[in-house]
Amino acid sequence: MKKLIAVILPLLFLTGCSKTVETVCTIPEENSSGLTSSLKMTFVSKDGYVKEVEQKETTKLEGMDISNEEFKNASKELKKSYEKYKGLKYNYSYNKKNSEVVETLEIDCSKADSDTLTLIGLSINEQDLKDNEIIKISLKDSIKNMKSYGLECKEK
């Protein structure tokens, strides 16, 4: 019985210490040339390292009338420009009623390369770049970097 407890107790401790944490960083709405935009980045991390990132930018195109055809063309071009990035899923939607464009980038850090991570503003240390290994991205460094860009970050 003591041996069983000696095996189970450390496992419970390790499981409790490796919880998944979600941190959200945002920039309040900015208004520039009739465009109002906001940015929200959600970091999912485990053991202090970023596992997934979702970047969602919402832009209100007040006073601008974009046809469905113009949106489809712009969407195709944007989607094509992101195809070269590993571990990245891209979604772009337009709500004509609200004149609102929502652009979403989802990054799986286990599949992403340094180009993909740099695209969303994550700094990569050269020592973290190893052939055929997953790049480990420090949550602490990522949050510090996002704050330097003016984002406000909170753990959920």
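Computed from the coordinates by the stated procedures, all read-outs in this text should not be read as laboratory data. Note that this is a predicted model, so its numbers are computed, not measured. Every residue, glycine as well, gets a Cβ built from its backbone with ideal geometry; the counts of neighbours run over all protein chains shown.
Between amide H atoms placed 1.01 Å from N, distances below 5 Å from C109 occur with E52, V53, all of them 5 or more places distant or on a separate chain.
Step through the table entries K46/K154; K40/K136; K51/K86; K111/K156; K79/K136; K51/K111, compare each Cα-Cα distance with 18 Å, and write down the pairs that go over it. Intermediate values should be presented prior to the final figure.
Values: K46/K154 16 Å; K40/K136 22 Å; K51/K86 14 Å; K111/K156 25 Å; K79/K136 27 Å; K51/K111 10 Å.
Result: K40/K136; K111/K156; K79/K136 exceed 18 Å.
Other residues within the sphere of radius under 11 Å centred on the Cβ of D113, judged by their own Cβ, net out at +2 (K and R +1, D and E -1).
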